Amino acid sequence: MRYWLMKSEPDDCSIDDLAAMPEQTVAWYGVRNYQARNFMMNQMAVGDRVLFYHASCPEPGIAGIAQVASPAYPDATQFDSSSRFFDPKCRPEQPRWFNVDVRFVRKTRLIGLPELRDTPELANMRVLARGNRLSITPVDPDEWRFITETMLELKTDEL
DNA sequence: GCCAACGTTGGC
DNA sequence: GCCAACGTTGGC
């Protein structure tokens, strides 16, 4: 099992929005970056755990835990001319963009970006790297354990 | 709204 | 294959 951090704009889909979804599951559509797409296509597996991160908002940071709920499949919005994610270069017989489904696990206290940056154990987190713009980044098992067990005081059966 | 950083595009 | 121009991300 791998661990990930996935950014979402809470105006779009917050952790509360995810919890309120049917099946508490949402399609992670709209990724238009090859590196992030490749993580979903090639490395994610159903059951992988996810740090749900609120981005582009007044208090950016980790807001909850989620899990990967489906394999990657073609992102429907790439063919939808009414979508802001429409990609006119894409044809259904050769989809370019893919997404997984993500399911709610739990809401947590907000671990804000300043707190993440102030935590020496997380100094090497991908998402904190200078200039990082990826909306999906891998999380090391040690980082996952530190965040969930030490910072959030969650037990294994709560994840 | 600003801007640093990075990805993508396209001319050559 | 280089690289300038442009677009996007996302914190502040």
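The values are calculated or read from the model by the stated rules, or taken from the named source; none is laboratory data. Predicted model only: the values in this text are computed from it and were never measured. Every residue, glycine among them, receives a Cβ derived from its backbone with ideal geometry; neighbour counts consider all protein chains shown. For the accessible areas, the whole protein counts, side chains as well, though only heavy atoms, and no ligand, DNA or RNA atoms are used. Shrake-Rupley method; radii C 1.70, N 1.55, O 1.52, S 1.80 Å.
Looking only at the range A:44-54, count every residue that is touching a residue at least 40 places away in the same chain (Cβ under 8 Å), farther than 19 Å from A:Asp17 by Cα and either of a type in the set (A, V, I, L, M, F, W, C) or open to solvent by 30 Å² or more (accessible area, probe 1.4 Å) (or both) and tell me the total. Residues in the range A:44-54 being touching a residue at least 40 places away in the same chain (Cβ under 8 Å), farther than 19 Å from A:Asp17 by Cα and either of a type in the set (A, V, I, L, M, F, W, C) or open to solvent by 30 Å² or more (accessible area, probe 1.4 Å) (or both): 2 in total. Among the residues of the range A:96-112, none qualifies, meaning not one is more than 30 Å from A:Asp157 (Cβ to Cβ), over 14 Å from the mean Cα position of the chain (by Cα) and away from DNA strand B (no atom under 16 Å from the Cβ).
Has the range A:31-39 got any residue that is more than 16 Å from DNA strand B (Cβ to nearest atom) and open to solvent by 50 Å² or more (accessible area, probe 1.4 Å)?
no
Can you confirm whether A:Ala72 is crowded, with 20+ Cβ neighbours inside 10 Å, more than 16 Å from DNA strand B (Cβ to nearest atom) and in contact (Cβ under 8 Å) with a residue 60 or more places away in the chain? In short, no.
Apart from one condition, A:Cys57 fits all of (1) open to solvent by 40 Å² or more (accessible area, probe 1.4 Å); (2) of a type outside the set (Phe, Trp, Tyr); (3) over 15 Å from the mean Cα position of the chain (by Cα); (4) within 16 Å of DNA strand B (Cβ to nearest atom); the exception is (1). Any chance you could count how many residues in the range A:1-60 are out of contact with any Lys or Arg (no Cβ under 6 Å at 6 or more places or on another chain), within 24 Å of A:Leu154 (Cα to Cα) and small (Gly, Ala, Ser)? Adding up the residues that qualify gives 6.
If the condition is being assigned to a helix (DSSP H, G or I), among the polar types (S, T, N, Q) and open to solvent by 40 Å² or more (accessible area, probe 1.4 Å), then the range A:121-159 contributes A:Thr150, A:Thr156. Counting the residues of the range A:131-149 that are free of Cβ contacts under 8 Å to residues at least 24 places away in the same chain and more than 11 Å from DNA strand C (Cβ to nearest atom) gives 3.
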